[in-house]
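Working notes, structure below.
The values are calculated or read from the model by the stated rules, or taken from the named source; none is laboratory data. Since the structure is predicted, the reported quantities are computational estimates derived from the model, not experimental observations. Note: ideal-geometry Cβ built from the backbone for every residue, glycine included; neighbour counts use all protein chains shown.
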Amino acid sequence: MSKILTAIMLLFPCWAWAAPTQVTLFPDSAQVEEASAVTPETGEAGLSACTLILPGQADPASLRFGRLASGGTIADLSWKTRREQNQSAIEPLNQRLNALKAERGETLAELEGVRGRMAFWKAQTLPAEKTVAALRELAGEMGTALREDSSRAQSLETRLEELNTKIAWVEKEIADAVGQGRTVWEVSVLVAGQSPKELTYAYTLRDCGWAPLYRLEASPARGNIDFSWQAKVWQRSGQDWNGVRLHLATMQPQTQAEPSDLPPWEVGPRQVFRKAMAGAPMMAMRSDAAKEEMFESAPPEPVEVRHSTYAAWDMGQKSVPAGDTRIFEIEQAAWPTSFVHLFRPSLDSKAFIQAKAEFTEPKELPPGMAFFFIDGAMVDQRQFSLSGREATMFFGTDPLLTCDTTLTDKKTGEKGLFKQKQTFVRQWTMTVFNAADHPVQARIEEPRPLPRDERITIDFTAKPEPLTEDNPEILAWNSTIAPGKELAISLDLKISAPEDLSIDPGWRW
């Protein structure tokens, strides 16, 4: 098998790949920067020719070269694909094969020794001058030695069979890896002027990327959220990235170099579309936004690098093997947070634990999977993202707080001398009860009834009075509820309108 592999390696020599020096990973691609030592050959018209080997997932149109140190210029490029052996897959298989063969040799040597001892004991003859007691003692020693050696020989033979099976499988894997190979780009570079000794270049690579992983653990008693952010990184270029300068970008940079043409401003009759037709572009837009959504020991802290249209995190020197998934730590922090129990009685009687955090510097956290905990217990797993100086998050419900709604009056009718008015009357009470052993901050929100016609009159009163909110559609109350105590809110609503006006009192009615 080794002779076959050697012959294959001689027939198909392995091209040396340039080592990436810096990689900027985007959610579903990467920009790879490399430096390659080259040996130019004389080409046509006084030009020198160099050859580069790039992964098959590289985008030819994205290849850009740095300034040539020799003062030459790139005159022309040509691309072609070819198959190449996957050395990164073959080398570890060869190492494993050599280790298995070495263990098989040691096992064979030990087995031969055991078999030799067994043959020695079996060949012994009992001397006639020995006493009966001595003969019995010698026979016992021979029996014990033969039993031990026989048991050891069986164990070694079983291990030898296992090693032969493993060796056969590894040899098959090597043969498969040699036969499959991989597709690479062979780039011919023509240089005008002095021949370069090194080329620096960058290109975009597919089949690689990263995704954020978040953990948010709320501690209402301490008034903070323990936040951690990790990056799940992968690349399938077929080449290991060893000690590269790794950057993680929050979104793909915009590559549009020219502005779009201004469309004409046409004023005409409105065209009515069905909702289904209008919903598709919005779903596509949301889908695009969603796309923008092994540990290292004692790594340096990542540094955020701001660009004009996106942010990137400098992770320092990292290694990412081809085909493997690595997880790197980006950030850990304690966010000062205010907690409140939020009730929306018209929808649900539960108390949702709401957390609001404010930051001194704006944050940009791309969409990713997040695990939400409160006081050590996991409450949810969902998509999470953040952009700006503040964030509002929810950490499940608190079963020790409830809100009951009691309807005290609900009726409709007509009034006036000629019954030219119609009325809707509703009275109800919301009661929040705190069964916990500590006081809690509660916020109750209800929809405010809003007239959508000037002929509709709404008389609304509440005890206690609601807060003045920026949102005119919301009624809100804030209160601290002591342990074992309750908060009652009474609401009276009266809607009046002309009798000939068809009224829809709304979903809350």
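Flag: ALA497 does not match the condition of being surrounded by 13 or more Cβ atoms within 10 Å (Cβ to Cβ), out of contact with any Phe, Trp or Tyr (no Cβ under 9 Å at 6 or more places or on another chain) and either modelled with pLDDT of 95 or more or within 22 Å of PRO451 (Cα to Cα) (or both). Filtering the range 36-68 down to residues that are of a type in the set (S, T, N, Q), touching a strand residue (DSSP E or B) at 6+ places or on another chain (Cβ under 7 Å) and more than 23 Å from THR250 (Cα to Cα), which residue is surrounded by the most Cβ atoms within 10 Å (Cβ to Cβ)? Within the range 36-68, the match that is surrounded by the most Cβ atoms within 10 Å (Cβ to Cβ) is SER48.
In the condition set (1) among the hydrophobic types (A, V, I, L, M, F, W, C); (2) in the same structural domain as PRO220 (by TED's automatic domain parsing); (3) in contact with a strand residue (DSSP E or B) (Cβ under 9 Å, 6 or more places away or on another chain), LEU347 is compliant with all but (3). Where strands (runs of 3 or more DSSP E) fall entirely within the range 181-244, those with at least 2 residues that are within 19 Å of the chain's Cα centre (by Cα) are at 208-219, 224-235.
The test for being out of contact with any Gly (no Cβ under 8 Å at 6 or more places or on another chain), closer than 22 Å to ALA249 by Cα and at pLDDT below 90 holds for ALA19.
Please go through the range 419-441 and give me each residue that is of a type in the set (D, E, K, R) and under 26 Å from ALA482 (Cα atoms), ordered by number. The answer is ASP437, and nothing else.
Quick grid of which residues meet (1) modelled with pLDDT of 85 or more; (2) assigned to a helix (DSSP H, G or I); (3) within 18 Å of GLU173 (Cβ to Cβ):
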residue	(1), (2), (3)
SER78	yes, no, no
ARG82	no, no, no
LEU97	yes, yes, yes
GLU112	yes, yes, no
ARG115	no, yes, no
LYS122	no, yes, no
PRO127	no, no, no
ALA134	no, yes, no
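Screening THR360, THR402, THR406, THR392 for residues that are assigned to a strand (DSSP E or B) and surrounded by 13 or more Cβ atoms within 10 Å (Cβ to Cβ) leaves exactly one candidate, THR402. Filtered by the rule that a residue be in a loop (DSSP other than H, G, I, E, B) and surrounded by 14 or more Cβ atoms within 10 Å (Cβ to Cβ), the range 440-462 gives ARG448, PRO449, ILE456.
Is it the case, given these coordinates, that GLU33 is surrounded by 13 or more Cβ atoms within 10 Å (Cβ to Cβ) and farther than 21 Å from ALA192 by Cα? The answer is yes for GLU33.
The single residue among ALA333, ALA280, ALA257 that is more than 24 Å from GLU33 (Cβ to Cβ) and modelled with pLDDT under 80 turns out to be ALA280. Within the range 367-386, being assigned to a strand (DSSP E or B), exposed (fewer than 12 other Cβ atoms within 10 Å of the Cβ) and small (Gly, Ala, Ser) holds for one residue alone: ALA377. Tell me whether the range 339-356 contains one or more residues that are under 30 Å from ALA19 (Cβ atoms) and either modelled with pLDDT under 95 or among the aliphatic types (A, V, I, L, M) (or both). So far as the range 339-356 goes, no, none of its residues is under 30 Å from ALA19 (Cβ atoms) and either modelled with pLDDT under 95 or among the aliphatic types (A, V, I, L, M) (or both). Please verify whether the range 463-475 includes one or more residues that are farther than 27 Å from LYS350 by Cα and part of a strand (DSSP E or B). No, the range 463-475 has no match at all. Condition first: closer than 17 Å to TRP428 by Cβ and touching a Ser or Thr at 6+ places or on another chain (Cβ under 6 Å). Now tell me which residues in the range 474-509 satisfy that. Within the range 474-509, GLU486, LEU487, ALA488, SER490, ASP492, ARG508 qualify.
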